[in-house]
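Can you keep this structure in mind? I'll have questions shortly.
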Amino acid sequence: MSGAPLVADGLGKRYGRDWGLRDCTLTIPDGAIVGLTGANAAGKSTLLALATGLLAPSEGSVSVLGRDPLRDPSVLADVGFVAQGAPLYRSFSVAETIEFVRRTNSGWDDEIVPDLLTRISSRAKVGSLSEGERARLALGLVLGKRPRLVLLDEPFASLDPLAGRELLQLLMDHVAETAATVVIASHVIADIERVCDHIVLLTGGGVRLESNVEVLLDSHRLLTGPRRPLGSIRGVREIVRERHSGRQLTLLVVTDGPIVDPSWTVEPVGLEDLLLAYMAPERLPTPRTSEKVPLRWHG
Amino acid sequence: MSASLLPTPRRQDRGFVGRAGSGYDPAVIEFHLDPRSGVATYLQIVQQVKDALRLGTIGIGDQLPTVREVVADLAINPNTVAKAYRELERDGLVVARQGRGTFVADTLAPPSMQHHDELRAALERWLDRAEAAGLDEESIRALITATLRGTPSRRVA
């Protein structure tokens, strides 16, 4: 059976009185490398736990590779999931861990894991590995299944930049070989910007933004100009964020055509700034300041 | 112009050894990314191939690194590399041969390329004279720019 790698429809999960995720509707395209981002507690881990059948939805539905992970857990043979912190049995040796995963997973590829772990002693206890080695081991175990969908929860959280880069290289090499779909949950946009071609931004448990990265960057512009009462601006479909300084106005906008008004300076906006603007409150209050003192806003 | 802006030619005999089973061929160009440039990653790759073609560091028949080689090197999305190569193919600059790789099919080097060495040597002699006359780098750049702009027949500005 085929189907989009990950589809959520009105998906929600309630923890007691609070919603960890609510009204989440999205379709992850086949072969995409998705950055699942948002502030802490935005619902990223909840979404991944629902997608892997570790949690049951309170409302709505989720399907992976066209199947329901709760009712049809055999689909999970095609899904590789590394939870936050790459949890593994610390008292197992590396060899025992590999053996354990080999025996509990069908379709295991013996070639992949040894190749990934050349720098880790197979007799070492998992508990004695560095964060980078453990992350590498966990990813290797997951890729050994040759999954069609890879789900990673904050894989870079405890890694130094070099270990993080190595992890990305392993992952991207796997994608080059298998055309797998990858979802990386990360609250650090810089960590995922290098590889993502699709973004899902969660805020307050809901989907704030879901888009192809290129489409997203092409459709947003930063406008800077003298402060003025805002009417409609030709070429602007929506104002995402508005910031005033003493005499200057900065707008992050969604465009629907060229902006020709010469009183605006029009610049492209980077992914990180763009996503942060969507994460922040829609309109920041105008700072109270004398008109004589120009005030600049940073970040 | 800073040399670091240019693609680094990678010699054929460097003995590049990749991971077992990935089937590397010797590559002729090494890509590098500037994440702060604001230029899309695939466009940076396209640009670096075009620059290398203009400078003649790669030529017709040379093989570009495979998608997996670039991915292993830069840790980027393989789709990005494939997109860059497709764009170069659409421009007729490279051809993809099924199962073999992507090869340079055309050149962007101007016909005057053969004169470059000679012109460069003359320019270096001129730079020595300018330095001897007490001009620093900024003054030299300013003089060159002003001369280019001041000559109506020049098409470069």
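What lysines does A:Lys125 reach when the alpha-carbon gap must be under 27 Å and sequence neighbours fewer than 8 apart in one chain are set aside?
Filter leaves A:Lys145.
Another question about this same structure. In units of 2.2 N^0.38 Å, what is the alpha-carbon radius of gyration of region A:124-184?
Normalised by 2.2 N^0.38 Å, the Cα Rg of region A:124-184 equals 1.10.
Calculate I(q)/I(0) for region A:6-204 by the Debye formula, one identical point scatterer on each C-alpha and no solvent, and give its log10 at q = 0.07, 0.11, 0.12 Å⁻¹ to two decimals.
The Cα Debye sum returns log10 ratios of -0.19, -0.49, -0.58.
Local charge sum around B:Pro78 (other residues, Cβ-Cβ under 11 Å, Lys/Arg +1, Asp/Glu -1)?
Charge balance in the 11 Å sphere: -2.
As I understand it, the value is the acute angle between the Cα axis of helix A:161-178 and the longest principal axis of the Cα atoms of chain A; what does it come to in degrees, rounded to 10?
70
Quick one: Cα convex hull volume of the protein assembly as shown, Å³ per residue?
Output value, Cα hull per residue: 232 Å³.
When all C-alpha to C-alpha distances in region A:1-52 are sorted into bins of 5 Å, what percent of pairs does each bin hold, rounded to whole numbers?
The distribution over region A:1-52 is 5, 17, 28, 27, 14, 6, 3, 0, given as percents.
Viscosity 0.692 mPa s, temperature 37 °C: give me the Stokes-Einstein translational D for region A:215-279 in µm²/s, with Rh taken as the Kirkwood radius over C-alpha pairs.
276
Shielding of A:175-186 by partners, i.e. mean partner chain Cβ atoms within 10 Å per residue?
Per residue, the average neighbour count from other chains is 2.
Report the residues of region A:1-28 in range of a label on A:Ala56: point 7 Å along Cα→C-beta, backbone N strictly under 14 Å from it.
Those under the cut-off are A:13-14.
Working from the pairwise distances between different alpha carbons, so that the mean of 1/r is found and then inverted, what is region B:111-150's Kirkwood radius in Å?
After inverting the pairwise mean of 1/r, the radius is 11.2 Å.
Give the Kirkwood hydrodynamic radius (Å, one decimal) of region A:17-119, defined as one over the mean of 1/r across all pairs of different Cα atoms.
Its Kirkwood hydrodynamic radius stands at 16.2 Å.
Please report, to two decimal places, log10 I(q)/I(0) for region A:81-153 at q = 0.21 Å⁻¹ as given by the Debye formula with identical point scatterers on the Cα atoms and no solvent.
For the requested q values the scattering log ratios are -0.88.
To make sure I understand the rule: partners must be lysines, Cα under 22 Å from the Cα of B:Lys83, and not fewer than 8 residues away in the same chain. Which ones qualify?
Filter leaves B:Lys50.
Note the angle between two axes, namely the Cα long axis of helix A:131-143 and the longest principal axis of the Cα atoms of chain A, as a number of degrees from 0 to 90, rounded to the nearest 10.
Taking the Cα atoms of chain A, the angle to A:131-143 is about 70 degrees.
In whole angstrom, how long is each semi-axis of the equivalent ellipsoid of region A:149-206, when you take the square root of 5 times every eigenvalue of its Cα gyration tensor and sort them from largest down?
One finds semi-axes of 19, 16, 9 Å for region A:149-206.
Any chance you could list the semi-axes, whole Å, largest first, of the equivalent ellipsoid that the Cα gyration tensor gives for region A:100-207, using √(5λ)?
24, 17, 13
In straight Cα distance, which aspartates and glutamates are under 13 Å from A:Lys13, not counting same-chain residues fewer than 8 positions off?
Partners found: A:Asp23, A:Glu59.
Readers should treat all values here as calculations from the given coordinates under stated rules, not as data from a laboratory. Values in this document were obtained by computation on a predicted structure and should not be read as measured data. Here the Cβ is made from the backbone with ideal geometry for all residues, glycine too, and neighbour counts use every protein chain on show.
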